[in-house]
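Heads up, the thing below is written out as structure tokens.
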Amino acid sequence: MLRKSFESEIQNMKNEILAFGSMVEQNLLESVDALKTRDVNRSHKVVEVDKIINKKRFELENEVMILIATQQPMAKDLRLLSSFFEIISELERMGDYAKGIGVINIRMGSEELLKPLVDIPRMAEKSADMAHRALVAFINEDVEAAKSIPAEDDEVDALYNQIYRELITYIISDPKAIEKANWLLWVAHNLERFADRVINICERTLFVVNGRLGEIEDAL
Amino acid sequence: MVTPAMTDKIKIEGFSLQYQDGTETLRNVNLSIEKNAITVLFGPAGGGKSSLLRSINRLNDPEDIKQIDGHIFLDSEDILSPKVDLINLRRKIGMVFARPVVLPLTIRKNITYGLEVMGEHNKARLDDAVERSLRQAALWEEINHRLDDPAVALSGGQQQRLCIARTLALEPDVIMLDEPTSGLDPISTGKVENSLQELKKQYTIILVPHSVQQAARTADNAAFFLQGELIEFSRGKGIFTAPTVKKTEDYVTGRFG
């Protein structure tokens, strides 16, 4: 009976983390779309949503703490609950990158984009999709899926390098473009960091299932 | 399963035990008990933990035993050998039980009784033993002003620590405790657990805990017993965070037991 209620509480917690992750993914996509359309109002909303994400993070942490205190988990339960902590704080930091992109768009004010955005939205879509699938893999304890996602980070890195080279070309040909190029470099950098953190979520899935705590590259 | 180490105090090799009525048995147990560490034996009731403790202290009545195999070495001496001097063995391996059994004497006499039986009558040495063992059992500060009160007047937690002190007075090598805090409140339990952490610096401790949480809190090494078998042994607390055997996982996460 006790075990049954604990399991349903764990399931609730997983659902809440998935929903929390969706907030973060959506806010990232929104931050890039607002930039693409130069819609500063939408970026202000992105910043507001990030405040909600920050608050939600503490609420979720508190729920995990209560579960630990009341259930005194062991073995896999313990690994799962401690991974909740890790993933909740990863997601909160990933949310900060969306906010960062929102702030860049706000700072740009009425300036036009250096160039129409093509690769940056692709990077955002790829990163958000990776984050989503990493969370689903975590919740389903799907080791194979968790192991396959980190390799996709190479695609994000390739896009980042491509954007970097392109923006450097702009700067070389027109030093007045430095500031505008720099804004976009920061956006791309935020997206690259966002995708990097997805790997940490995948590592936790392996830890929960196998009890193996370590870098995912060593397990591939 | 067992990694031999230089620091092992007790080595159990291929130990099997069967009672006449066939109720509780141990099957081919191999286990090393590390010196100056707390080894916990845990698992559901009827798993053989207490039988193993009793075997280590040779407390089983030979008439109850149908068959016994294997070896239990204390240092290098096989304690199952018929030549073993049981009085001497039980002096080296002290035992504390779930319910504190104080003698109907004063606090002081409870501790000096065993020493006097062994021929110690020097008052200064007896007083030393009283203070030393009460300090080791984390009881001295609480009761040093009332050593001549009857021991039964102590609280349950104090009585249990008095039993530990009484065991310590004989200066054993090994202390075995069978659910020593099962009848105690959390504060007394904490005091007993704290004193075990101090005691392991000098003694080798084998503890049958009353809960998985106590096992996890106190263990330096842990052995999980189920239905007479040693299912999993870990040096360190790994068995509580990442057990390797499914039966252990099921037990520590509360799926049965």
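Only the coordinates and a few stated rules stand behind these numbers; no lab work does. It should be emphasised that the depicted structure is a prediction, and the values quoted were computed from it without experimental measurement. When we count neighbours, we look across all protein chains shown, and the Cβ atoms used for this are built from the backbone with ideal geometry, even at glycine.
Give me D for the stretch B:8-252 in µm² s⁻¹, whole number, from Stokes-Einstein with Rh from the Kirkwood sum over alpha-carbon pairs, 25 °C and 0.890 mPa s.
Working: Rh = 18.6 Å.
Translational D for this selection: 132 µm²/s.
Write down the percent of antiparallel bridges among all DSSP beta bridges whose residues are both part of the protein assembly as shown, to the nearest 5.
Here the antiparallel bridges make up roughly 60 percent for the protein assembly as shown.
What is the calculated FRET efficiency for B:Asp250 to B:Ser81, with r their C-beta to C-beta distance and R₀ = 41 Å, to the nearest 0.05?
Given R0 = 41 Å and the Cβ-Cβ separation, E is 0.60.
On average, how much area does the Cα convex hull of the protein assembly as shown cover when viewed from any direction, in nm²? The partial results should precede the final answer.
Values: hull surface 120.3 nm².
Spelled out: convex hull of the Cα atoms, projected over all directions, averaged, 30.1 nm².
List the chymotrypsin sites (Phe, Trp or Tyr not before Pro) within the stretch B:168-257 that DSSP assigns to loop and that have no more than 14 neighbouring Cβ atoms inside 10 Å. Could the numbers behind the result be given before it?
Values: sites: B:Tyr203, B:Phe224, B:Phe225, B:Phe233, B:Phe240, B:Tyr251, B:Phe256; in loops: B:Tyr203, B:Phe256.
Of the chymotrypsin sites (Phe, Trp or Tyr not before Pro), the ones in loops of the stretch B:168-257 whose Cβ has at most 14 other Cβ atoms within 10 Å are B:Phe256.
Positive end of the charge dipole of the protein assembly as shown (Lys, Arg +1 and Asp, Glu -1 on Cβ, about the Cα centre): tell me which of A:Val47, A:Phe84, B:Leu139 has its Cα farthest that way.
B:Leu139
So how strong a dipole does the stretch B:8-252 carry about its Cα centre when Lys and Arg Cβ are +1 and Asp and Glu Cβ are -1, to the nearest 20 debye?
Values: 30 positive and 34 negative charges, 69 e Å.
Here the stretch B:8-252 has a charge dipole of around 340 debye.
Positive end of the charge dipole of the stretch B:8-252 (Lys, Arg +1 and Asp, Glu -1 on Cβ, about the Cα centre): tell me which of B:Ser50, B:Pro243, B:Leu170 has its Cα farthest that way.
With unit charges placed on the Cβ atoms, the residue in question is B:Leu170.
Give me the aspartates and glutamates in straight-line cross-link reach of A:Lys4: C-alpha distance below 15 Å, same-chain residues under 8 apart excluded.
Result set, ordered by chain and number: A:Asp77, B:Asp250.
Using only Cα atoms and rounding to the nearest 10 degrees, what angle (0 to 90) does helix A:178-210 make with the longest principal axis of chain A?
20 degrees
Regarding the stretch A:1-51, what's the average projected area of the Cα-atom convex hull, expressed in nm²?
3.6 nm²
Which of the lysines could be linked to B:Lys83 by a straight reach, that is with a Cα gap under 19 Å, when you skip same-chain ones fewer than 8 residues away?
The reachable lysines, counting only those whose Cα sits under 19 Å from B:Lys83, are B:Lys11, B:Lys92.
How far, in degrees from 0 to 90, does helix A:119-140 lean away from the longest principal axis of the Cα atoms of chain A, to the nearest 10?
In chain A, helix A:119-140 runs at an angle near 0 degrees to the longest axis.
Rounded to the nearest 0.05, what FRET efficiency do B:Ser16 and B:Glu63 give with R0 = 30 Å and r taken as the Cβ-Cβ distance? Could you check? Don't jump to the answer; show the numbers that get you there.
Numbers: r = 18 Å, r/R0 = 0.61.
So the FRET efficiency works out to roughly 0.95.
Where the only charges are on Cβ atoms (+1 Lys, Arg; -1 Asp, Glu), what is the dipole of the stretch B:126-179 about its Cα centre, to the nearest 20 debye? Please report the intermediate quantities before stating the final value.
Numbers: 5 positive and 11 negative charges, 19 e Å.
In debye, rounded to 20, the stretch B:126-179 gives about 80.
So what's the stretch A:21-178 giving for Rg/Rh, alpha carbon basis, Kirkwood Rh from the mean inverse pair distance? Before the final figure, lay out the partial values.
Details: Rg = 18.7 Å, Rh = 17.6 Å.
For the stretch A:21-178, the value is 1.06.
Distance in nm between label sites at B:Thr7 and B:Asp185, each 7 Å beyond Cα in the beta-carbon direction?
3.7 nm
If you count, for every residue in B:234-242, the Cβ atoms of partner chains within 10 Å of its Cβ, what is the mean? Provide the component values of the computation, followed by the final result.
Details: counts 0, 0, 0, 0, 2, 2, 4, 9, 9.
So the per-residue partner count for this stretch is 3.
Quick one: of A:Lys99/A:Lys176; B:Lys9/B:Lys66; B:Lys9/B:Lys49; A:Lys14/A:Lys45, which pairs are farther than 24 Å apart, Cα to Cα? Walk me through the numbers on the way to the answer.
Working: A:Lys99/A:Lys176 27 Å; B:Lys9/B:Lys66 28 Å; B:Lys9/B:Lys49 18 Å; A:Lys14/A:Lys45 27 Å.
Over 24 Å apart, Cα to Cα: A:Lys99/A:Lys176; B:Lys9/B:Lys66; A:Lys14/A:Lys45.
Return the average number of partner chain Cβ atoms within 10 angstrom of each residue Cβ along peptide A:74-86. Could you put the intermediate results ahead of the total?
Details: counts 14, 14, 6, 5, 6, 2, 0, 0, 1, 0, 0, 0, 0.
Whole-number average of other-chain Cβ neighbours for A:74-86 is 4.
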